[in-house]
Amino acid sequence: MKRGTLPPGTGISVFFPAYNDAPSLPGLIENTFKTLNALDLDYEVIVVNDGSHDETAQVLERLQKTWGPRLRVITHPENRGYGGALRSGFANATRDLVFYTDGDSQYDVRELPLLLEKLSPAVGLVNGYKTRRQDPWHRIFIGAVYNQFARLLFRIRIRDIDCDFRLVRRSLVENLQLESTSGTICVELVRKIEASGCGVAEVPVSHYPRLYGRSQFFRWKSLLTTFRQLCRLYWRLVLRPAFSAAPQAPLGHENTPHRPASRN
């Protein structure tokens with residue numbers, strides 16, 4: 001299995017934010033370990049249990065007995081939102097590279113090698129994009145509008161901000177100071193990475209129907225939180241830097257004609 005041109009000894013942290021994803025986790029974790037073992041990389045696997053109230057905690061306890069210390073579980077006693085789960089995943093990652101995707105198995109972790117093949121010394125982010133979104137029509141429509149709106153508003157170049165199938169260098173993430181707690185963290189992450197000047201590559205990936213549970217993004221409360229955080233994010237990342245960069249006349253000299261100093 002191809003792994004790109006990674007230097008010997010390169011390690012990768014793979015993590016999954018999980019919220020009420022108990023049914024999908026066993027297959028996801030099994031495929032993850034099989035994929036990583038075939039790649040012959042130093043690795044760790046992390047699941048962030050973001051305050052789940054189904055059987056996620058019990059399932060993860062059984063999986064840890066099966067897969068041993070290479071499977072780490074980070075538990076949030078209360079739900080911190082998608083952004084909070086991603087921030088915990090990044091904060092607990094210890095290897096050179098960090099890959100994440102969602103715990104609901106709508107993406108195929110076995111396609112991780114596709115991202116690794118695109119990684120080069122000049123590339124800091126490899127982002128997937130969905131070849132065909134397998135969701136109900138209303139989610140496809142809302143997702144497309146959100147994606148185009150965010151790309152235009154934040155001047156983001158990648159084609160699919162909403163594709164949570166990403167490989168990024170940990171050293172890059174450590175300097176980003178991510179703040180979002182909702183799904184807007186994807187906009188914040190990509191915008192800050194693109195602004196850093198590092199290379200970005202894109203790879204087409206598969207997308208599958210959700211077999212279990214329900215998306216937390218497409219709920220009115222989540223949508224309102226996302227909108228509020230998107231507005232704050234726009235101020236921090238776009239408007240405030242633009243105002244700070246605008247040239248200003250020296251204080252006390254606006255529209256004031258020069259007069260010679262008094263000799264008295």
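A short reminder: the numbers here are calculations on the coordinates, not readings from a lab. Values in this document were obtained by computation on a predicted structure and should not be read as measured data. Cβ: placed from backbone, ideal geometry, glycine included. Neighbour counts: every protein chain shown.
Before moving on, here are some points about what is shown:
- Check on Asp102, more than 20 Å from Ser180 (Cα to Cα) and surrounded by fewer than 22 Cβ atoms within 10 Å (Cβ to Cβ): no
- Against the test of being assigned to a strand (DSSP E or B) and aromatic (Phe, Trp, Tyr), the options Phe90, Phe99 yield a single qualifying residue, Phe99.
- Pick from the range 164-192, criterion in contact with a Gly (Cβ under 6 Å, 6 or more places away or on another chain) and hydrophobic (A, V, I, L, M, F, W, C), ranking: surrounded by the fewest Cβ atoms within 10 Å (Cβ to Cβ): Leu172
- Residue identified as charged (D, E, K, R) and at positive phi among Arg95, Arg70, Arg155: Arg155
- Unmet criterion (only one of (1) without any contact (Cβ under 8 Å) to a residue 12 or more places away in the chain; (2) in contact with a Pro (Cβ under 9 Å, 6 or more places away or on another chain)) for Val48: (1)
- Condition check for Ala22: small (Gly, Ala, Ser), in contact (Cβ under 8 Å) with a residue 24 or more places away in the chain and over 28 Å from Glu174 (Cβ atoms): yes
- The one condition in (1) over 21 Å from Asp40 (Cβ atoms); (2) surrounded by fewer than 16 Cβ atoms within 10 Å (Cβ to Cβ); (3) not β-branched (Val, Ile, Thr) that Asn147 fails to fulfil: (2)
- Test: residue in the range 160-175 that is of a type in the set (Val, Ile, Thr) and more than 26 Å from Thr32 (Cβ to Cβ): no
- Matching residues, the range 137-150, being under 17 Å from the mean Cα position of the chain (by Cα) and more than 25 Å from Glu111 (Cα to Cα): Tyr146, Ala150
- Residue in the range 110-129 that is over 25 Å from Ala91 (Cβ atoms), hydrophobic (A, V, I, L, M, F, W, C), without any contact (Cβ under 8 Å) to a residue 60 or more places away in the chain and not in a loop (DSSP other than H, G, I, E, B) present: no
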